[in-house]
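Structure first, then comments.
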Amino acid sequence: MAKASAAKPGVGGGIWTAPKGSTLPTDASTALDAAFKSLGYVSDAGVQRNISRDSNVIHAWGGDPVAVLSNNKVETFKFKLIEPSNVDVLGLTFGEATGDLTAGISVKSKASISTPRAFCISTIMADDVHQRIVIPEAVVTDIGEIVYVDNDVVGFDITITALADDQGNTAYEYQKTVTAAAGGNT
């Protein structure tokens, strides 16, 4: 029987990023490689995943469809990061950020295209099902308007576009039931 489920952020954060080429998780519960950094709180809109395919249906004489040719696939993920003093969030948004709040943070808004990075989106669904979507390589392709006002949090609407890895995959998804007694670090 299929079960419906909401998705909450994983333990310790919902979205993690690491430099391209970092060791990627291959299941839903093993601890992430130390290269992965949490991007902190995400707005209550969560993560929106969009998979668009451009296909061409080939018809035989008489109108019967006989083949479907796939021309391309684009997979994007959109989320709003709401920790404006998180140096990893600032680096992802603007291109470069260093330091901490004690010594001071320095941000450079780069003009060049974003550097490809690995991403891991961790969620916990009904019945302790832990889910990971692992994106081996993606680039920031859109940053929404940044608004600084006194009646809302500062946030960064980020869209990343997944690039195909050497196996032709744009993302991997893993699910596993993980009980509190069994542990698990998402």
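The values are calculated or read from the model by the stated rules, or taken from the named source; none is laboratory data. Small disclaimer: the values here were computed from a predicted structure and weren't measured. Note that we place each Cβ from the backbone using ideal geometry, even for glycine, and neighbour counts take in every protein chain shown. These accessible areas exclude ligands, DNA and RNA; they are computed on the full protein's heavy atoms, side chains included. Shrake-Rupley method; radii C 1.70, N 1.55, O 1.52, S 1.80 Å.
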Only Cα pairs under 8 Å and at least 6 apart count here; give the relative contact order of the chain as a rounded whole percent.
-> 26 percent
Springs between alpha-carbon atoms under 10 Å, Gaussian network over the chain: tell me which of 154, 42, 140 tops the mean-square fluctuations.
-> 154
Based on the mean of other beta carbon atoms within 10 Å per residue, what is the order of 162-174, 89-101, most packed first?
-> 89-101, 162-174
Residue 26-residue 72 FRET efficiency (beta carbon distance; Förster radius 30 Å; 0.05 resolution) = 0.65
R0 of 41 Å, Cβ-Cβ distance residue 6-residue 60: FRET efficiency to nearest 0.05 = 0.35
Under the rule of -39500 (n - 2.57) per DSSP H run of 4 or more residues, summed and divided by the residues of the chain, what mean residue ellipticity at 222 nm is obtained, to the nearest 500 deg cm²/dmol?
-> -1000 deg cm²/dmol
Structure-derived percent of Cα pairs over 30 Å apart: which label, when the choices are (1) 28; (2) 14; (3) 20 = (1)
Length added when fully stretched, residue 100-residue 129, from 0.36 nm per residue minus Cα-Cα | 6.9 nm
Within the accessible area of region 1-130 (1.4 Å probe), percent carbon and sulfur | 55 percent
Express the accessible area of the chain per residue in Å², computed with a 1.4 Å probe while the remaining protein chains stay in the model.
-> 59 Å²
Distance (nanometres) between label positions extended 7 Å along Cα→Cβ at residue 109 and residue 146 | 0.6 nm
Ordered by packing density, taken as the mean number of other Cβ atoms within 10 Å over each peptide's residues, highest first, how do 51-58, 80-87 rank?
-> 80-87, 51-58
What FRET efficiency do you get for residue 179 and residue 49 if R0 is 25 Å and r is their Cβ-Cβ distance, rounded to the nearest 0.05?
-> 0.40
